[in-house]
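Before any comments, here is the structure.
The values are calculated or read from the model by the stated rules, or taken from the named source; none is laboratory data. Note that this is a predicted model, so its numbers are computed, not measured. For neighbour counting, all protein chains shown are included, and Cβ atoms are generated from backbone atoms with ideal geometry for every residue, glycine included.
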Amino acid sequence: MLRAGHGLMLIVVGLLTLGVVMVTSAGLTVHPASGGDDLGFFEVLVSRPAIFAALAVVLMAIGSRVPVGRLCTGGGIACPVPWMAAGIVLLLLAVHVPGLGREMNGARRWIALGPIGFQPSEAAKWGMLAVLAWYGARRAERMGWIREGFLIPMAFVAVVCVLIVTEDLGTAVLILLVSLAVLYAAGTRLWQIALLLPFIAAGFAAAVVASPYRVDRLRAFLDPYEDPQGIGYHVLQSMAAVSGGGLAGRGLGNGIQKFGYLPEDTTDFIFAVICEELGIVGAAIVVCLYLALLLCGFSIIRRVEQPFQRLLGFGILLTIGLQALVNLLVVTGLAPTKGIALPLVSAGGTGWCLTAFSVGLLVSMERAGVREGAIAEAPAHCREADGPPGEIVAGEVM
């Protein structure tokens, strides 16, 4: 019988497959000497996106075997979550270490370890969910208190966001919004969050004003035709690609905007390439896949009883859904340009791997629930074997 966890894994594989195909298509170039790229099936199969997609699937399978419930049960130094919180801060600081941090496109967001590079902000985005879920579950009865339920966790969130915001405002805002939602779900009062809103607005305004290119992005959103060859170029080229596809698209690989017109066509604006080459039909399929992923995920967490797992699952789904929504709004010109990728589709090894692993944790939650249900419904001779009456022996029921 096909369960929600199976559906999640199939959807992730489908999105990754689409990502490999569209990133490869968006990465095509025209060389005057050769007339263009000619990629065969084998070249695509061993390409960098295909390798990362395969690694993401492996990590999703590993995540589906992680005993999520045990992450919250340990105490003291045996609990991995406080170590994870410390690791997040150290990784974010490491990008500023000479020789370790790497600058790309004017921002230091990467850590380079030889040929391997990854984004600490991605690790922070997903690791924060486990930290806040663990905190909320262990202090469930005191989450309504302003000190323990709001000030202490928000202090940690503020440190992480400050370390990220100087290089990546979009990711910092995403982490902040998801963190507030997870804390609210854990029991933090709404009026406490409301008290923070003026400070958030002031901090956001300061971050925008401090960087001229962020001001330009806001101006381009308000009126991209004011400077169509300058600050409005990204938005106009993206909308040209979206509208150029029509109903059925120009055909896979036949897009025009990717040939030197559409910036960041394999990452932030990959959805524009999908719209141009696959049309409204392809765009609708992508949106439906994300909706199906969210529905399958929520069908799992609504049956989860452990608070830690429920909060973690809620944070994972909210992160994926909000990230996808922001990217779609940016590509279609309905929001200012942000460096927010389309989950599991936009090129990015770190993002693909960590997102797939996080979805695997949702599958693990469902598997644990199925096992517990099977044990509870097992015959008495199975449940009481090799133990005193009433003791459940999980190994006997598989």
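Annotations
- Any hit, segment 116-128, residues being modelled with pLDDT under 95, surrounded by 15 or more Cβ atoms within 10 Å (Cβ to Cβ) and in a strand (DSSP E or B): yes
- Given (1) over 18 Å from the mean Cα position of the chain (by Cα); (2) surrounded by fewer than 21 Cβ atoms within 10 Å (Cβ to Cβ); (3) modelled with pLDDT under 90; (4) farther than 30 Å from Gly136 by Cβ, number of the condition Thr267 does not satisfy: (1)
- Any chance Val331 is of a type in the set (Val, Ile, Thr) and surrounded by fewer than 24 Cβ atoms within 10 Å (Cβ to Cβ): no
- Just one of the listed residues (Ala155, Ala140) is surrounded by 14 or more Cβ atoms within 10 Å (Cβ to Cβ), within 20 Å of Leu183 (Cβ to Cβ) and not β-branched (Val, Ile, Thr), and it is Ala140.
- Qualifying residue in segment 180-191 (condition: of a type in the set (S, T, N, Q), touching a Phe, Trp or Tyr at 6+ places or on another chain (Cβ under 9 Å) and on the phi < 0 side of the Ramachandran plot): yes
- Considering residues of segment 239-252 that are crowded, with 17+ Cβ neighbours inside 10 Å and modelled with pLDDT under 90 only, the residue nearest to Tyr225 (Cα to Cα): Gly244
- Any pair with Cβ under 9 angstrom, 6 or more apart, that starts in segment 218-237 at a residue that is farther than 20 Å from Glu276 by Cβ and ends at one that is assigned to a helix (DSSP H, G or I) and small (Gly, Ala, Ser): Glu226/Ala220; Asp227/Ala220; Gly230/Ala220; Ile231/Ala220
- Scanning segment 330-359 for residues that are over 13 Å from the mean Cα position of the chain (by Cα) and either closer than 18 Å to Leu289 by Cβ or part of a loop (DSSP other than H, G, I, E, B) (or both) returns Val331, Thr332, Gly333, Leu334, Ala335, Pro336, Thr337, Lys338.
- Check on Val89, more than 22 Å from Gly321 (Cβ to Cβ), at pLDDT 90 or above, surrounded by fewer than 21 Cβ atoms within 10 Å (Cβ to Cβ) and of a type outside the set (Phe, Trp, Tyr): yes
- Selection status of Leu236, touching a Gly at 6+ places or on another chain (Cβ under 6 Å), surrounded by 14 or more Cβ atoms within 10 Å (Cβ to Cβ), of a type outside the set (Ser, Thr, Tyr) and part of a helix (DSSP H, G or I): no
- Tally of residues being assigned to a loop (DSSP other than H, G, I, E, B), in contact with a helix residue (DSSP H, G or I) (Cβ under 9 Å, 6 or more places away or on another chain) and modelled with pLDDT under 90 across segment 166-210: 3
- The residues on offer are Asp223, Asp216, Asp227, and the sole one that is of a type in the set (Asp, Glu), farther than 21 Å from Val157 by Cα and crowded, with 16+ Cβ neighbours inside 10 Å is Asp216.
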